[in-house]
Every structure is written in C-alpha cells, then in structure tokens.
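Everything below concerns the one structure shown next.
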Amino acid sequence: MSEVTGPPASAAPAGGTVPACGDPVEGFAVTHDHDGEPLPERTGSGEASLLTEPTTAVVADDTIDPVSTQTAPRLPVTVESCDGAVVEVTDTSRILAVDLYGTLAEIVFSLGLGDSVIGRDTSTGFPEAADLPVVTPGAHDLNAEAILALDPSVVLTDATIGPTDVQLQLRDAGIPVIFFDDTRSMDTIPTHIRAVAGALGVPDAGEELLARTQQEITAALDGAPTGAQAPAVAFLYLRGGMVQLLGGPGSGADSLIRAIGARDVGTEVGLEQPFTQISAETLISVQPDVLLLMSAGLESVGGPEGLSLVPGLAQTEAVADGRVVDMDDTVLLSFGPRTGRVVTALAEAVYE
C-alpha cells in the first residue's frame, strides 16, 4: 500500500470548503490506491471452475465495524454541495443519511457516528440501523413530514433518491442538506468516504476508514482467481416479467464483475447506458456464462425456477446450467466500506 504523500483531494484546507463531489480514483484497489498511486500487480488464486447451481452470494459478516467509537467532529464545516449550494454544518448530533443504495449511512456508521443517526431509508439494511424509523415509506420516496418530525441537524443525500422537492423543502426549513455524487462504482468509494467524513468534520477518521477499506478490497481481489478464462457475466435488473434491464457501463455491477476477474456482458455488447431494456432475442444472442441479479429481482419472477419463464432466459446456457447468482439488494451495489466483503462473496459464489 502506498503512503499518502499529501492532503487528499476531498479534504479542505484550513478555513476552506469541503467539496461533496470529487473525481473518482480510477482503478481503486484494483490497480491503484486511494491517492491514485499504482498498486502491486494482483497475484490471484489460480484456476477455478464456474458454479453449477443457483447460488445466493452472502457476505460473511454484514455488521458495521466503526474505525473509532470516540470520533469527535471538528465543527463548523463549510461544504460545497453537489447541487452547487454552499452549506454550513454546525451540528452533527442528529444525522440523516439517505440514498438509493444505503452507501451514505454505511459510511456514517463506519466512521463511528452511528449513534447520531436518527432515521434510515429502505436501502440501509445492516443490523445496526434496523431499529431506526424509516423515512421512505413508499419504496424510495422521501417523506418530508416523517423527516421533519425527526428534527435532523444535517441531511446527507444525493440525486438517486427524492423527490428533489422534498430535499429542497428540508433545506428551506433551515436544515443543512448536502447532495453527494450519485455515481456508484469501485472508483467512487474514496470520493464518497472522504466527502462524507469531511462534511461531518471527521477527515482523519475518513482517511483511516479509507485505508482499511482499500486493504480489505485488495485482499479480496487477491483471493479471486485470475488463471481461469474470464467468464461473461450479465447483470440483470428484473421486476416481474415486464421489466428486464441489462446492466452496462456505469451500472456499478460492471466494476464488481471486473473485480472478480470476469467480463461484463452489457459493456461488451456496446450498451451506452447503465441500464437498458432488452428483448428476448438480445438475451439469447448474448449467451452469458453467468447471470447476476438482485435477490428481490429474482424473487419477483419466482426464484431460479421462474427464470425459465422469462422470455429469452430459458434459451440461455446460464439458466439451463444453473449458473445464476443473486445478492441482497441492500448490499450488492452499496459501494461503501463493506465492499471487500461483497467482492469476496461474489467470487465465492461465481467460482467453485
């Protein structure tokens, strides 16, 4: 691991402003460290064969391990929100962190500030947050009344959740509302950890968490096979028989697929969007080696057996041979401090 030789890009100079949006670190934990310095070449674990029956990828431990339980924020902090607003954070005693993936809350808890979190969204599924009141009672829609009733001192959010009018209504009510980058991938993990830590006045805890996260991911990658011929993995977003989206560049799953030594089908077929509606003919022509799905999506079609009833899927070798992997919706694309565990679980599920 390379040593940090200067201040991180997301840290504010003394008396300066913390940016909530920053540049991703290309190849984070795969080829480069959190400051963009090259890492030693991966060794991998040699040959491996593919799974032979439907498998649920499960992380060995889904709990949050905070880097410190004595984290003391240095406040006030001035933050440039991703929507261009300049926000001052003076109180972190009542934090609400909400987004589509549960990423922001995972980071807050991992920084050691979980005791200050007052509510959660439906995507925040780790045990430590289970008893918090839910502020997204309608799927992923924020409820302004429910949030205001909790009297948050600061709200961390992004454009993946909304409606935006609700977030702006909270800001109009005098609550500091900070928008962070809404992109999720391996490369944005350093950006999010540093931005959240900086905004909450705990940049040192952020650097400690980032170093630990990098170490765990690189260890997970070293355990993934590199000698096997790279399998083609298709990430499908299903909601019943009507919604069939193939993940492509920017879906988030593409970087996880590459991390375990596989090829992302959506990228290879030339998709230009993170998710694209596809036809049965396209599914048949793609012929992925493995299907990767969110657990709720797999359940929406009746489990592994139901995949054969989805037009196009029955004609794929992946379904015929049982090479189907699913993972919990609140874990798969969170891209936070537990990503090392996610990579390990996926590799263990895809390879035998």
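What the table below lists for this structure:
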{"quantity": "Some residue of the stretch 337-351 being of a type in the set (S, T, Y), closer than 28 Å to I217 by Cα and out of contact with any helix residue (DSSP H, G or I) (no Cβ under 9 Å at 6 or more places or on another chain)", "calculated": "yes"}
{"quantity": "Helices (runs of 4 or more DSSP H) enclosed by the stretch 175-272 - at least 3 residues per element that are open to solvent by 10 Å² or more (accessible area, probe 1.4 Å) and among the small types (G, A, S)", "calculated": "203-223"}
{"quantity": "Search result, residues across the stretch 134-157 that are outside any strand (DSSP E or B) and open to solvent by 60 Å² or more (accessible area, probe 1.4 Å)", "calculated": "P137, A139, H140, E145, L148, A149, D151"}
{"quantity": "Elements of type helices (runs of 4 or more DSSP H) contained in the stretch 280-336, each with 1 or more residues being within 24 Å of the chain's Cα centre (by Cα) and over 18 Å from I257 (Cα atoms)", "calculated": "295-300"}
{"quantity": "Inter-residue pairs, beta-carbon under 8 Å, first farther than 11 Å from P54 by Cβ and in the stretch 298-316, second β-branched (V, I, T) and outside any loop (DSSP other than H, G, I, E, B), 6+ apart", "calculated": "S308/V319; G312/T282; G312/I284; L313/V319; Q315/I284; T316/I284; T316/V286"}
{"quantity": "In the stretch 95-117, residue nearest to the chain's Cα centre (by Cα) [restricted to those that are more than 14 Å from L200 (Cβ to Cβ) and open to solvent by 20 Å² or more (accessible area, probe 1.4 Å)]", "calculated": "Y101"}
{"quantity": "Residue check for T124: of a type in the set (S, T, N, Q), in a loop (DSSP other than H, G, I, E, B) and under 19 Å from the mean Cα position of the chain (by Cα)", "calculated": "yes"}
{"quantity": "From L238, L245, residue being in contact (Cβ under 8 Å) with a residue 40 or more places away in the chain and either farther than 30 Å from V89 by Cβ or among the polar types (S, T, N, Q) (or both)", "calculated": "L238"}
{"quantity": "Single unsatisfied condition, L293 versus (1) surrounded by fewer than 22 Cβ atoms within 10 Å (Cβ to Cβ); (2) at pLDDT 95 or above; (3) not aromatic (F, W, Y)", "calculated": "(1)"}
{"quantity": "Single residue of P40, P66, P24 found to be touching a residue at least 60 places away in the same chain (Cβ under 8 Å) and either part of a loop (DSSP other than H, G, I, E, B) or touching a Lys or Arg at 6+ places or on another chain (Cβ under 7 Å) (or both)", "calculated": "P24"}
{"quantity": "Single unsatisfied condition, T160 versus (1) open to solvent by 10 Å² or more (accessible area, probe 1.4 Å); (2) in a helix (DSSP H, G or I)", "calculated": "(2)"}
{"quantity": "Residue within the stretch 17-40 that is at pLDDT below 90, buried (at least 16 other Cβ atoms within 10 Å of the Cβ) and closer than 29 Å to V177 by Cα present", "calculated": "no"}
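The values are calculated or read from the model by the stated rules, or taken from the named source; none is laboratory data. Computed from a prediction, not measured in an experiment: that's the story for all the values here. Neighbour counts run over all protein chains shown; Cβ positions are idealised from the backbone, glycine included. Note: accessible area is taken over every heavy atom of the protein model, side chains too, but ligands, DNA and RNA are not part of it. Shrake-Rupley method; radii C 1.70, N 1.55, O 1.52, S 1.80 Å.
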